[in-house]
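J.: One structure is given below, represented as structure tokens, and several questions about it will come after.
Bear in mind these aren't lab numbers, they're just calculated from the coordinates by the rules spelled out. Because the structure is a prediction, the values reported are computed rather than measured. Glycine gets a Cβ as well: all are built from the backbone with ideal geometry, and neighbour counts include every protein chain shown.
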Amino acid sequence: MMLTPAHASSSKFNEIAANLAATAKALHARGWLSGTSGNLSAVVQPEPLLLAMSPSGVDKGKLTAEQILLVDEGARVINGGRKTSDETLLHLEIVKQRRAGSVLHTHSIWNTILSDLFADEQGVAIEGYEMLKGLEGVRTHEHREWLPIIGNLQDMRELAGNIRAVLTEHPNSHGFLLHKHGLYSWGKDLGEAGRHIEILEFLLEARGRTLHLRSRGN
Ligand SMILES: [Zn+2]
């Protein structure tokens, strides 16, 4: 069924918007969405695509359900008075490439540090950790997760193209890093995307702290 703007303010959108606002508060409390950084989205309708998306320039600790925007596949605002985040195009690209139901993007200290530390390798390998089993489809700690690192750009169309190429090259990755910028992950719904962000943030911090302790000779 075609979802008209009237339908878009229906209970499904309201429920998704409330869940996105609650998730933003939780991620902000962990220190992963400081200030206005990071963004969140969830699919309201797959065909034609309608996405509930956090707006630009709002403190993520104070984001309310009423501020969540409804955008179409061209990143045009259908519902809501605020400006879209420039990174809406990246969310739309990931939804299309991964058939994701939700995309989350965090700016944590550890994901930022590791995105720089491993930039020359163009990715971070994480393996051997029990926590890997929290990622969809992973059954054993022996899994090797490859988180690609993509150069940061201000041109979102060019960056979306680079993301498309990397996602095609690494079909099994559960996320990727933008250099000195942040982490993107996704899932079939907001619950799974939230779990993936928590797991990947844990693993990046564990990896980073281990490297640091080893470098001090402990
Ligand atoms: Zn960002």
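J.: Is there a quick way to get the dipole size of the chain? I mean about its Cα centre, with the Cβ of Lys and Arg at +1 and of Asp and Glu at -1; what is the value in debye to the nearest 20?
T.: With Lys and Arg at +1 and Asp and Glu at -1, about 360 debye.
J.: How many nm is it between the label spots at ARG157 and ARG76, if each spot is 7 Å from the Cα in line with the beta carbon?
T.: In this crude label model, ARG157 to ARG76 measures out at 1.6 nm.
J.: Please pull out the direction-averaged projected area of region 66-165, using the convex hull of its alpha-carbon atoms, in nm² to one decimal place.
T.: Result: 8.1 nm².
J.: Considering Cα pairs under 8 angstrom that are at least six residues apart, work out the relative contact order of region 100-218 and quote it in whole percent.
T.: Relative contact order comes out at 37 percent.
J.: Turning to a different aspect of this structure: For region 19-135, what Kirkwood radius comes out of the mean inverse Cα-Cα distance, in Å?
T.: Here the Kirkwood hydrodynamic radius works out to 15.3 Å.
J.: Once Rh for the chain is found with the Kirkwood sum over Cα pairs, what is the Stokes-Einstein diffusion coefficient at 37 °C and 0.692 mPa s, in µm²/s?
T.: Here the translational diffusion coefficient equals 187 µm²/s.
J.: Please compute the contact order of the chain in relative form: average sequence separation of alpha-carbon pairs under 8 Å and at least six residues apart, divided by the residue count, as a percent.
T.: Averaging sequence separation for qualifying contacts and normalising by length gives 19 percent for the chain.
J.: Given the rule -39500 (n - 2.57) for each run of at least 4 DSSP H residues, summed and divided by the residues of the chain, what is its mean residue ellipticity at 222 nm, to the nearest 500 deg cm²/dmol?
T.: Value at 222 nm, helices only: -12000 deg cm²/dmol.
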